[in-house]
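The values are calculated or read from the model by the stated rules, or taken from the named source; none is laboratory data. Note that the structure is predicted; figures quoted are calculated from it, not measured. We place every Cβ from the backbone using ideal geometry, glycine too, and count neighbours over all the protein chains shown.
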């Protein structure tokens, strides 16, 4: 089946009713999650066509030329005190079917509508899943990806009670085909810092691709792409043809890569340009300034990774020293601070100029 044929089918099959505020934290989270998913597929070299709020929270066709399957993603966030997602949460409201559906019923409903076109159906949560011991003997709470096929029969039966009503197949005809399609994925994006985390990953990936850019320009492109994702997520009108559906509700690898390519037009780093003259005037040699500049670029990228606790610790230590001493110029400041921390284990792993770049950044910020 070509992607246009599959898109035609996505358009033709009626969608479930989907109530909920477009401005809620859940929608913000799933938009950033979709951005992260596209980053991962881009890194893996996969072609893709991603839809938002079409039959499910996120749909992915992993080819824009010739594809037989579509993957469905239902994104659920939970900020309650409970540590895990359990079967009861996934099957809640099942008894109200068909007026209301449980999460599990919505998942199997996708298969019912797209029986020959379903690649995988995945429930994504910011919390881990608790299905007890798996068939392998592993604790389900230790896993970040769990296949329905791995769940012990007692837990599987609990899920069936709140899922099978929405399936077009009946036992024994079904053969439990759902066990080969349904997965439970733990998202590694924290509810508090998910946007900053994905921005940091975006910057790192650009560095790996050899695309150098100022932080200002990088952030601009990040939020431009995120704005495009929000646009397709929030468009609620009905598309009347394939062309409109692709324009209004989808973003492709070509679209995504095209926006990233704008980063090749380098913008000047205004902060560095404003301080390098100070460094030269304060006694740094031009060669030292050049080497610090190279490490400055690396630090700007690394500093955006909020999960790099070691780097954040170094930065905090430098800030603490700066607040407690006073010197006449930046070189005296930098030399003193570097001498104070250079023997730390977490500092030794970095080039000297990298630590100086952090010091300079903190001095002039």
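Please work out which one of (1) at pLDDT below 90; (2) outside any loop (DSSP other than H, G, I, E, B) is the condition residue 328 fails and give its number. Result: residue 328 fails condition (2) only.
Part of a helix (DSSP H, G or I) and in contact with a helix residue (DSSP H, G or I) (Cβ under 7 Å, 6 or more places away or on another chain): is that true of residue 36 in this structure? Spell out how you get there, then give the answer.
Working: part of a helix (DSSP H, G or I): yes; in contact with a helix residue (DSSP H, G or I) (Cβ under 7 Å, 6 or more places away or on another chain): yes.
Criteria met by residue 36.
State which residue is farthest from the chain's Cα centre (by Cα) when the search covers only segment 132-149 and only residues that are more than 19 Å from residue 189 (Cα to Cα) and touching a residue at least 24 places away in the same chain (Cβ under 8 Å). Ranking the candidates gives 149 first.
The conditions of being under 23 Å from the mean Cα position of the chain (by Cα), in contact (Cβ under 8 Å) with a residue 60 or more places away in the chain and farther than 28 Å from residue 12 by Cβ are not met by residue 129.
Given the criterion surrounded by 14 or more Cβ atoms within 10 Å (Cβ to Cβ) and over 17 Å from residue 120 (Cα atoms), identify the matching residue among 173, 195. Walk me through it before giving the result.
Details: 173 fails: surrounded by 14 or more Cβ atoms within 10 Å (Cβ to Cβ).
Only one candidate passes the filter, namely 195.
When segment 240-258 is filtered for residues that are closer than 17 Å to residue 62 by Cβ and out of contact with any helix residue (DSSP H, G or I) (no Cβ under 9 Å at 6 or more places or on another chain), only 254 remains.
Restricting 188, 206 to those that are assigned by TED's automatic domain parsing to the domain that holds residue 104, surrounded by fewer than 15 Cβ atoms within 10 Å (Cβ to Cβ), closer than 18 Å to residue 308 by Cβ and touching a residue at least 24 places away in the same chain (Cβ under 8 Å) reduces the list to 188. In segment 23-33, the residue that is modelled with the lowest pLDDT out of those that are assigned to a helix (DSSP H, G or I) and more than 17 Å from residue 255 (Cα to Cα) is 25.
Test residue 68 against the criterion of being at pLDDT 95 or above and in contact with a helix residue (DSSP H, G or I) (Cβ under 9 Å, 6 or more places away or on another chain), and give yes or no.
Working: at pLDDT 95 or above: no; in contact with a helix residue (DSSP H, G or I) (Cβ under 9 Å, 6 or more places away or on another chain): yes.
So residue 68 does not fit the description; no.
Okay, residues lined up against (1) over 19 Å from residue 271 (Cβ atoms); (2) surrounded by fewer than 19 Cβ atoms within 10 Å (Cβ to Cβ):
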residue	(1), (2)
309	yes, yes
314	yes, no
327	yes, yes
332	yes, yes
336	yes, yes
343	yes, yes
348	yes, yes
355	no, no
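Note on segment 43-65: residues that are more than 22 Å from residue 246 (Cβ to Cβ) and either assigned to a helix (DSSP H, G or I) or touching a helix residue (DSSP H, G or I) at 6+ places or on another chain (Cβ under 6 Å) (or both) total 1.
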